[in-house]
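These notes are about the structure you will find just below.
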Amino acid sequence: MSSQQRLHALDAVRAFALLAGIVLHATMSFFLPIPAQDVSQSTVLATVFSLIHPWRMTTFFLIAGLFARLVIEKRGTRGFVSDRAKRIVVPLVVGWVILAPLTIGALIWGVARTADPAAREAMSAAVAAGTGTVGAFPLVHLWFLYYLVIFYVLLLAVRAAFSMLDSAGRVSGVVDKIVRPLLGSYVAPFVLGLPLFAVMGFDPRIVLMGGIPTPDSSLIPQLPALAGFGTAFALGWFVHRQLDLLGQWRKRWIGHLVIGLALFAAYSYLPGLKPGTTAAWLPAEWGTTPFAVCYILGIWYLSFGVIGAALKLCANESPARRYLADSSYWMYLAHLPIVFFLAAALAKVPLHWAIKFPLILGITIGVLLASYHYLVRPTWIGEILNGRRYPRARAASPQPNGPTGPKRGLKPRAVDGEFGAASQPQPSDATTAAAAAALAAEPPLAELVRATKRYGTTVALAGLDLEVRRGEVLAVLGPNGAGKSTAISLWLGLLQPDQGEARLMSRSPLDVEARREVGLMLQEVVLQPTMRVRELIALTASYYPSPLTVAQTLELTGTKELADKLASKLSAGQKRQVQFALAICGRPRLLFLDEPTVGLDVQARETMWRTMRELIAQGCSIVLTTHYLEEAEALADRVAVLARGELIALGTVDDVRSIVSRKKITCSSALPVGAVRAWPGVVDATGDHHRMQITTADAEAVVRRLLASDQNLRNLEIKQAGLAEAFAELTKEAA
Amino acid sequence: MNATVATQLVFRSAGPMPMSRILRAYVEAAKYEFLGALRVPAFTLPFLFMPCALYLLFGVLISGAAPAANADSLPANISVYMMSGWCAMAAMGPGIFGFGVALAMERDGGLLKLKRALPLPAGAALFAKMAMAMLFAALAVSSVAVAALAAGKVTIGFGSLLALVGVMIFGSLPFCAIGLLIGAYFSGNASPAIANLVYLPGMWLSGLFFPLPESMRPWAVIWPVFHLNQTALGAAGVKEFSFVSPLWTGAVLVAITVLCTGLALRRLARVG
């Protein structure tokens, strides 16, 4: 997966963690006396709470660590500090001034209305005890910003220290070497959980408070939160040093979730998951430590599972998800007073929680989304929170229409910082001009970007860069095993690149929308044997939005006589023709033809070529793999020559021909190399008088002149140059 | 080549696929899957006609010829139990073989690869096979039920008969899932043998056609078709032959479907 896809997925999971927090806070009044004690208590919602609670902040801090390194790498320390000051410190300070009084007000109102006197007494005693301690301060839910700031400061300090003491980066290298195998297995949580276990493993608060005690009531950094979330933040930092490690989470997401849920079941059972306050949360026969072990491991397995699931399922750009991800920071910041107020207001209403809970959630999210859309997204608040402002008229203004239609004209936005795009350029004259230029140079229909594919130890493609432009015929030539079919398989999504990226119609080839514009003819001859040709065409055409009719297809490909034959009764050549008909019946913009004319007689081949020319004239682009240089010559605009998975030549047929016909002359001569280089027909000359090497397209003329100019010339040798060897191989195989 | 046809063609982006065409793609895929299956006698004979033929032989001719003296000693509704057994057999076959063997062969031949590269709507290929198998099962089960009605062997109400037939038709789904799993894991050569390993012993060892000896009874539960038969008999209210609550056996069928489908899709996503 590309780095852009990874960032989309991580952005999605960060948003998911924040939005899960809203759900979490909405469940509280149904099993805790905070912010109010609802008349309808719910074990289900208590379960929902304890399922979300362990992973959401750990996941958040992990991704925060990862994005922190991303921003530092991109913008330097100074840029990082100013960016974080704007987007974390300002919301913390301003947000607190506005949100804390509202939240605390709703809380006091709710508790006073609903809690029984004993519980109220206990709470005010706790508050009184709390206010007496040094550093007591109601951070409310904005504590996460406070701890982010702490981690940023620690990070910068540690980084400065290491850049002085360990400028070679030896320590980081060692950590990298430890992190890699750790994340490549299922045991990482046992190591990552150690710091938190050291702090909380024997502390009954982990049971009483159901996890890491929320550090929301003091400015003095709390050890459990520092240990738990700090580990996550640091891990995120080190994962960003080796971003391919994300693949390990992607691969194991189901395993991680299953183990996490099993641990969840264990630690929920240990204290006996029940709605209610203190007593029910106490473990019966089980002690603190078993609970702590299960819970801390659960934190990590669930976090890894959630991140892995996002990497697996949310890699593609989705406008809806993008919007939600953008809105999530605002929604999380502003949600708590609304949730608390609604919970307190509804607490005494005699309705079942199954009605009240969705109601609270629905109203909260509705209010937050509306406020985001109208008050935040198009204003300076959005610019502070997400690093960019979306002009309100934007939705109505016409999008630049790419060849793939208005929807696809939207360029995927770069996600380059926490809470959205930190450095997205503002629309300006310069960028508008650049956009116009980008439109003029249309996106390729299909492209491979540094695509590498291995089968075991065999390298089928080694970092191939190749694109198919609109309206062209690209012939991919090469001997067997050169990587031609692998390249096509990557473009069609049949294989995934080990490294690099394959794109089709500016999308992932796995996206069915992209493949709807593509017709294909694979090398293997496969047709459903029980179907007639006419039916095969009708069925294949039904997969496309506006296909040719069966009659048109039959006519265009000269397969009318075969229409009512069963596929199992066709000859090999006829099957090839029918496959060609299936490739074009969807009226594709791009055709992939893998060795289309192998096994055809001369006449059938001529017919197929003629049809291809017809399609090209109608605006269809073609990628053609072939053994035959003549086939490329007959059809192609550009030729790409592959050998052993590498692109060894790319250009027009004439370009490639002239490269093929080059020769290499070696000799010992007194002639000056510089003079020889200037001779007509000489492409290059190197070496000295002991051994001169001349590359030429016209060996005979150059040799004649060499012999004429230097009577003492010795050791003359003429060889085919580079590409010709590849072609010798080609022609040998084709023969 | 006809120039007038060719000039009408414009190869350009057609925009998004309308929902009606997506639905049509599912229908077409299912239609041709069914037609294709009908054209293979090796599939239609054993799975479409055999259950009814065998039922007529064993359930009507042979049991009808049994001495009438025994009739009183037999439990009530034994003729329904006979019919139900052959219905279960009819429901089981198309799923296991239509999915298992056919899918394995498609994988071997590269047809599945082609289908993955084509823009089939998500799941259209599997939906087509499932619809085909269910339709085959519906035809085969109904033919047994009609034969039983015609022979006067149905001793339960019409509503109960409908419930039994309905459960049987939907009961073909877990066998589709088992077939899918077989097709996903085994080659075209191995899959018929594996499919028969599930099909034949399941038929004999789950007491579909005759009551099992006492010692073998507890082991009937390992065969999925036992659960199908029990669910159908329970749903039809045939108490004499309903040994396990149909809720339990129904849950087992659902679990089999989910488990096999999940494992198979996981495998197919990896190896294609």
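A Gaussian network model of chain B, with springs between Cα atoms under 10 Å, assigns the largest mean-square fluctuation among B:SER206, B:SER215, B:SER245 to B:SER215. From helices alone, chain A scores -17500 deg cm²/dmol at 222 nm; the rule is -39500 (n - 2.57) for each run of n ≥ 4 DSSP H residues, then divide by the residue total.
Distance between the modelled labels on A:ALA354 and A:LEU243, one decimal in nanometres: 4.6 nm (7 Å Cα→Cβ projection). On a 0 to 90 degree scale, rounded to 10, what angle separates helix A:602-617 from the longest Cα axis of chain A? The helix A:602-617 is inclined about 50 degrees to chain A.
Over the Cα atoms of the range B:30-142, the radius of gyration divided by the Kirkwood radius equals 1.16; this is the Rg/Rh ratio.
Using r as the Cβ-Cβ distance of B:LEU259 and A:VAL174, and R0 as 51 Å, what FRET efficiency do you calculate, to the nearest 0.05? Efficiency for this residue pair is about 0.70. Both the radius of gyration and Dmax for the range A:47-182 are 20.3, 63 Å, in that order, over alpha-carbon atoms.
Mind pulling the angle between the C-alpha long axis of helix A:3-27 and the longest principal axis of chain A? Nearest 10 degrees, somewhere in 0 to 90. The answer is roughly 20 degrees. Just the number, please: percent antiparallel of the DSSP beta bridges in the protein assembly as shown, rounded to the nearest 5. Approximately 65 percent, going by the DSSP bridge assignments. Taking every Cα-Cα distance in chain B and sorting them into 5 Å bins starting at zero, the pair-distance distribution P(r) comes out as 1, 6, 12, 16, 16, 14, 11, 8, 6, 4, 2, 2, 1, 1, 0, 0, 0 percent.
Set the Förster distance to 60 Å, then compute FRET efficiency between B:LEU162 and A:ARG205 from the Cβ-Cβ distance, nearest 0.05. That gives a FRET efficiency of 0.45. Relative contact order for the range B:127-272: what percent, with Cα pairs under 8 Å and sequence separation of 6 or more? Relative contact order for the range B:127-272 comes out at 29 percent. Taking other C-beta atoms within 10 Å as the exposure proxy, A:TRP249, B:TRP248, A:TRP679 rank B:TRP248, A:TRP679, A:TRP249 from fewest upward.
Once the chain from A:LEU219 to A:LEU194 is taken as fully extended at 0.36 nm per residue, the excess over their C-alpha distance is 6.5 nm.
For the range A:620-694, the fraction of C-alpha pairs farther apart than 22 angstrom is 44 percent. Measuring nothing but how far apart in sequence close Cα pairs (under 8 Å, 6+ apart) lie, relative to its length, chain B scores a relative contact order of 25 percent.
Projection of the Cα convex hull of the range B:215-272, averaged over all directions and equal to a quarter of that hull's surface, yields 4.9 nm².
Roughly how tilted is helix A:253-269, in degrees to the nearest 10 and between 0 and 90, from the longest Cα axis of chain A? Compared with the principal axis, the helix lies near 10 degrees. For the residue pairs B:LYS31/B:LYS129; A:LYS453/A:LYS484; A:LYS74/A:LYS251; A:LYS251/A:LYS312; A:LYS74/A:LYS453; A:LYS575/B:LYS113, alpha carbon separations beyond 19 Å are given by A:LYS74/A:LYS251; A:LYS74/A:LYS453. Stokes-Einstein diffusion for the range B:115-272 at 20 °C, viscosity 1.002 mPa s, with a Kirkwood radius from C-alpha pairs, works out to 126 µm²/s. Treating r as the C-beta distance of A:SER163 and A:ASP498 and R0 as 25 Å, the FRET efficiency rounds to 0.15. Projecting label points 7 angstrom from Cα along Cα→Cβ for A:ARG705 and A:TYR323 puts them 6.9 nm apart. With n ≥ 4 as the cut-off for DSSP H runs, can you work out [θ] at 222 nm for chain B, using -39500 (n - 2.57) per run divided by the number of residues, rounded to the nearest 500? Helices in chain B give a 222 nm mean residue ellipticity of -20500 deg cm²/dmol.
A simple rule links phi to the HN-Hα coupling: the Karplus curve 6.51 cos²θ - 1.76 cosθ + 1.60 with θ = phi - 60°, which for the range A:643-654 gives 8, 6, x, 10, 7, 9, 7, 8, x, 6, 4, 5 Hz, with x for Gly and Pro. When the alpha carbon coordinates of the protein assembly as shown are projected onto the principal axes, the ranges are 114, 101, 53 Å, largest first. Show me, bin by bin at 10 Å from 0, the whole-percent P(r) of the range A:560-625 based on Cα pairs. Reading the bins upward from 0: 20, 54, 25, 1.
Once C-alpha pairs closer than 8 Å and six or more residues apart are averaged by separation and normalised to the residue number of chain A, the relative contact order reads 13 percent.
Whole angstrom only: what separates the Cα centroid of the range A:138-167 from the Cα centroid of the range A:498-514? Taking the Cα centre of the range A:498-514 as reference, the centre of the range A:138-167 is 39 Å away. For the range B:107-171 versus the range A:572-615, the spacing of their alpha-carbon centroids is 38 Å. When the Cα positions of B:THR155, B:GLY109, B:ALA145 are compared along the charge dipole of the range B:91-171, B:GLY109 comes out farthest toward the positive end, with charges on each C-beta of Lys, Arg, Asp and Glu.
Since every read-out is calculated from the coordinates, none of them should be taken as a lab result. Note that this is a predicted model, so its numbers are computed, not measured. FYI the Cβ positions are ideal-geometry reconstructions off the backbone, even for glycines, and counts take in every protein chain you see.
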